[in-house]
1. Checking the condition at pLDDT 90 or above, touching a helix residue (DSSP H, G or I) at 6+ places or on another chain (Cβ under 8 Å) and under 20 Å from residue 41 (Cβ atoms), which residue from 115, 101 passes?
2. Give the residue that is surrounded by the most Cβ atoms within 10 Å (Cβ to Cβ), with candidates limited to residues of segment 67-93 that are at pLDDT 85 or above and over 25 Å from residue 32 (Cα atoms).
3. Provide a single number: the residues in segment 31-58 that are among the β-branched types (Val, Ile, Thr), touching a residue at least 12 places away in the same chain (Cβ under 8 Å), within 27 Å of residue 99 (Cα to Cα) and not in a strand (DSSP E or B).
4. May I ask you to list the residues in segment 96-132 that are open to solvent by less than 40 Å² (accessible area, probe 1.4 Å), part of a helix (DSSP H, G or I) and of a type in the set (D, E, K, R)?
Amino acid sequence: MLLALSVLVAMPIVWVGAGKLHRFAYWIGQKTDAEVAAMATGGWRVDRLEVAPGVVLSGLVRPPAQPAKSRWILFVPGNSESLLAGFRAELDRLRGEADVGMALWAYRGFEASGGVPTPADLDADLLRQWDHLQTLGASPER
């Protein structure tokens, strides 16, 4: 009886405390570098992007066959249980046979990306991702 009562009292405390540890709706399990590398098939490659000192985002990039003539999509995933694998599959369906460059990175602290997410950091990371795509051949006009 005492054990059952203890569990009953502890559950609300844990529920409230867990929300303070991480403010986002999902806390997605970490992936190893090998698990991310296994997603890099069909023209996709792993891309690691340092967005702040000691903070590296893991992502997937699929460059177009003709970078000078092609458009790019920088995809910013929403909350999901599977950012890289799940949205990579959706981007493949969206692309079809078109020669479009595509890129997405897991947020800070999610999957194989380092750091801890905050709204300000996510915003800054997105700008850094866009700058990085331009070094890969993405044109702001396209």
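The values are calculated or read from the model by the stated rules, or taken from the named source; none is laboratory data. Not measured: the values here are computed from a predicted model. Neighbour counts are summed over all protein chains in view; Cβ atoms, including those assigned to glycine, are modelled from backbone coordinates with ideal geometry. Quick note on the areas: whole protein, heavy atoms, side chains included, nothing else; ligands and nucleic acids left out. Shrake-Rupley method; radii C 1.70, N 1.55, O 1.52, S 1.80 Å.
1. Only one candidate passes the filter, namely 101.
2. 72
3. Of the residues in that region, 1 qualify.
4. Hit for segment 96-132 is 125, nothing else.
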